[in-house]
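Working notes for the structure below.
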Amino acid sequence: MDSSEQYREAAREAGVPEHAIDLALGLARPQIELTSSAEDGGVLAGQYGGLPSLPPDAEWGSYPHFVASVDCAALPRDALDIPLPEDGHLLFFANKHDPLEDDEPAVGDHVVYVPAGTVTEERSPQPLREDVGEIEDEERAAYWATPHTDPRPLYARTIRSLPTDDDDALHDPEVRRVYRQYGLEHHDKRKQTWAVDLLLGGYAYSPQDPPITQSPEEKAKEEWVLLAQAKYPMQADPDCQGCPFWIIRRSDLEKRDFAGARVVMWEYH
């Protein structure tokens, strides 16, 4: 939603009582929406696709695949309820080629933080197969080529996000009942996830279980926060939508330590 007033008006028109509207707005969290259009008043804050700019000593061949980079200094200041860096760049990587065979969080350099002033160079990825240039069949060659998206700018703006009715935020049975009874997540008039390139913070919009429930240590899952989420067609199966969710411990985010960040990857047709 763009504002509480917008949500309240839409919910009232649908016949939702005030106490239910107040419940929904009490659950709303800030989120940064990044899209390739500045029509909604967003500020230039990153790049989707293209090639990553990394420090010369950073190891990267082609996997995990580059998704997007965000200029933290250009983001709306203090917009989120998670402690993002105030400057520097965050680079997000994930599987863009083939759906994963399991649902375990992937470990590796899936989030790279490049502090401000760091010398970087644009990196070209290696092909998924060394002999890809020798494959005569165009379809097979395209299959084994490293996934690539032409670069486009990302414009950021702050919105308010609501949980889906399966989210852990609705842990109270009565809250969940009211939330579902009045379909409170459906009155925020938000953009569909396919129309958004990247979301920072806020709630997860997942076709399956919320990703925080898939964090490595179930007993400590409250320490894990959603850093970002995206959605894109998988190269090996364009009818399959990949949905990476980058999660990180709040304490690591505060320390700017992204080595422990992980990706929960969902796919659906």
Worksheet item: Which distance in nm do the two modelled labels at residue 22 and residue 120 give, with both placed 7 Å along the Cα-to-Cβ direction?
Response: 4.6 nm
Worksheet, complete the sentence: Between the alpha carbon centres of the stretch 238-266 and the stretch 57-96 the gap in Å comes to 11 Å
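Around residue 79, with a cut-off of 15 angstrom between Cβ atoms, what is the net charge of the other residues, counting Lys and Arg +1 and Asp and Glu -1? Mind showing how you got there, number by number?
Numbers: positive: 29, 77, 157, 160; negative: 2, 33, 40, 71, 78, 81, 86, 87.
Surrounding charge for residue 79 is -4.
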Worksheet, complete the sentence: Expressed in angstrom, Rg and Dmax over the Cα atoms of the stretch 1-110 are 18.9, 58
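What number comes out for the charge environment of residue 44, summing +1 per Lys or Arg and -1 per Asp or Glu over other residues with Cβ under 12 Å away? Before the final figure, lay out each step's value.
Working: positive: 152, 157; negative: 71.
Residues close to residue 44 contribute a combined charge of +1.
For the stretch 1-125, which whole percent of the accessible surface, found with a 1.4 angstrom probe, sits on carbon and sulfur atoms? Mind showing how you got there, number by number?
On the way: 2620 of 5870 Å².
After summing per-atom areas, the C and S share lands at 45 percent.
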Worksheet item: In nm, to one decimal, how far is the residue 58 label point from the residue 36 one, both placed 7 Å along Cα→Cβ?
Response: 2.2 nm
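Find out how many positive minus negative residues lie around residue 234, taking Lys and Arg as positive, Asp and Glu as negative, among other residues whose Cβ is under 10 Å from that of residue 234. Numbers along the way, then the final one.
Numbers: positive: 96; negative: 98, 237, 239, 267.
Spelling it out: positives minus negatives among the neighbours equals -3.
The values are calculated or read from the model by the stated rules, or taken from the named source; none is laboratory data. Quantities reported herein were computed from a predicted structural model and do not represent experimental measurements. Glycine gets a Cβ as well: all are built from the backbone with ideal geometry, and neighbour counts include every protein chain shown. The area values use the complete protein model at the heavy-atom level, side chains included, leaving out ligands, DNA and RNA. Shrake-Rupley method; radii C 1.70, N 1.55, O 1.52, S 1.80 Å.
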